[in-house]
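Taking it in order: structure first as structure tokens, then the write-up.
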Amino acid sequence: MDATVVVVPRERFTSLPVSLRSLFATIPESVQVIVVEGASPNAVRGELEALKSERDFTLVSEDRMLLPNEARNIGGRLVDTKYIIFADNDIEYSDHWLEPLVAQAEAEGSDTVAPLTLIGPSKEPRIHHAGGRIITYEKKGEIQINEIHRLSNVYVKDADFPKQAPMKNEVCEFHCMLIKREFFDAMGGFDERYITREHIDLALRLRAIGGKSTFCVDSVVSYQAMAPFTFVDLRYLAYRWNDKLAESGLRAFSKMWETGADGKTLRSKPIRRRRWRAIMSWVGLRGKGALTKRAANLICPMIEFYFTMRDGYGANRKNVFAPKKIDNPVLTLLDKAA
């Protein structure tokens, strides 16, 4: 199979060994695997070394924490196969997920392919992403761009895939996705300034060259969003999802694609909510009750402050890669909305 799997951090350290065991159990031994990690705890690195004795793979370890696109670029530039499958380190894989992904890329001439990504762990499978499309709109006199997740939060049993999520697709999420290495090489890599909207950037770059993206319903993976966090995981979470990086990345995206930016909204809503939900899962409190909210307002800022003082915001990173700017604006409003 002419494909290499590159596994990178998402928002935890400790999920990596578990995810790798699932990966190795569901792919042929001949498939190359590259694992990129940064500053993982000693216990995690010990598990990785133990895994290497069970199944050979390439391990790239850095002493500093890596943002996902940094890790993807490190791993992607080591690949010499026709296709790269980028996968986050908190994915659980279904049996025979890889073969249909590659087969569809070959049959359809796809530059990117999205699998069916579920939300886990869950007793009843629920969909996170089944492909999607890019939309543009105007807000306060500025062009805005966003995506629509197909079948988001719909139970698999209730989904009508041929009608609601056909093969035709515009955007792949980075939880797990296939990309043709030729396309990756032509870009030079992914934009390392982004911690959000990186998949939208990729979709726009593919559109700019007239490339093709598809969705493969027969390839199923599960993003372990609902698993509780450990305290050591909160260190990476606080670094990866911090406001400073989110705001600077959003400004970079806005400049790259000549769109409006709303850093205040980004900071006050999804980024903070993501951090706080993770912190409260470590505490063992879930839900939206008054007691939980009061506890969150007390505990979460303290935890965030602790890790910020320890590791900073990552704003002084050096040699940050950014692909070349493409003339647009927003690819002439997505070719006049096609």
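Numbers below:
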read-out: Unit charges on C-beta of K, R, D, E only; dipole of the stretch 26-82, Debye; value: 200
read-out: Full-stretch length increase - Met309, Phe231 - with 0.36 nm per residue and alpha-carbon distance subtracted; value: 26.5 nm
read-out: Accessible surface, 1.4 Å probe, highest first, among residues Met167, Met309, Met187; value: Met309, Met167, Met187
read-out: Straight-distance crosslink candidates among lysines, where the alpha carbon sits under 21 Å from Lys140 and sequence neighbours closer than 8 are dropped; value: Lys255, Lys264, Lys269, Lys336
read-out: Lys/Arg +1, Asp/Glu -1 at C-beta; the chain dipole; positive extreme among Pro228, Tyr313, Ala186; value: Tyr313
read-out: Options (i) 180; (ii) 203; (iii) 142 - which one matches volume of the Cα convex hull per residue in Å³ as calculated here; value: (iii)
read-out: Candidates Arg274, Arg294, Arg205: whichever shows maximal mean-square fluctuation once the chain is modelled as a Gaussian network with Cα springs under 10 Å; value: Arg294
read-out: Area of Phe183 that stays accessible when all protein chains are in place (1.4 Å probe, Å², to 10); value: 10
read-out: With all protein chains modelled, accessible area of Tyr83 [1.4 Å, Å²]; value: 0
read-out: Two-site FRET efficiency, Ala43 against Arg21, from Cβ-Cβ distance with R₀ of 25 Å, rounded to 0.05; value: 0.95
read-out: Accessible surface, 1.4 Å probe, highest first, among residues Val220, Val31, Val18; value: Val18, Val220, Val31
read-out: Between the stretch 201-218 and the stretch 118-172, the alpha-carbon center distance in angstrom; value: 14
read-out: Centre separation in Å (Cα based) which lies between the stretch 1-64 and the stretch 273-302; value: 31
read-out: Label-to-label distance, nm, for residues given as Arg277 and Arg317 (7 Å Cα→Cβ offset); value: 2.3
read-out: DSSP-defined beta bridges in the chain - what % are antiparallel, rounded to 5; value: 50
read-out: The chain - mean residue ellipticity at 222 nm from DSSP helices (-39,500 (n - 2.57) per run, n ≥ 4, rounded to 500); value: -12000 deg cm²/dmol
read-out: Accessible area (Å², per residue) of the stretch 1-127, counting only protein heavy atoms and a probe of 1.4 Å; value: 38
read-out: Percent accessible area from carbon and sulfur atoms, the stretch 101-160, protein chains only, probe 1.4 Å; value: 47
read-out: Residue-normalised accessible area of the stretch 161-213, given per residue in Å² at a 1.4 Å probe; value: 38
read-out: FRET efficiency, Lys325 to Leu291 (Cβ-Cβ, R0 35 Å, nearest 0.05); value: 0.10
read-out: Which of Asp111, Asp327 is most accessible, then next, and so on - probe 1.4 Å; value: Asp327, Asp111
read-out: Accessible area of Asp63 in the full protein assembly, 1.4 Å probe (Å², nearest 10); value: 140
read-out: GNM result for the chain, Cα springs below 10 Å: residue of Lys180, Lys212, Lys123 fluctuating most strongly; value: Lys123
read-out: Derived scalar couplings ³J(HN,Hα) [the stretch 81-87; Karplus, 6.51 cos²θ - 1.76 cosθ + 1.60; whole Hz; x for Gly, Pro]; value: 8, 5, 10, 10, 9, 8, 9
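The values are calculated or read from the model by the stated rules, or taken from the named source; none is laboratory data. These numbers come from a predicted model, not from an experiment. In this analysis, Cβ positions are derived from the backbone assuming ideal geometry, glycine residues included, and neighbour counts consider all displayed protein chains. Accessible surface areas use protein heavy atoms only, side chains included; no ligands, DNA or RNA. Shrake-Rupley method; radii C 1.70, N 1.55, O 1.52, S 1.80 Å.
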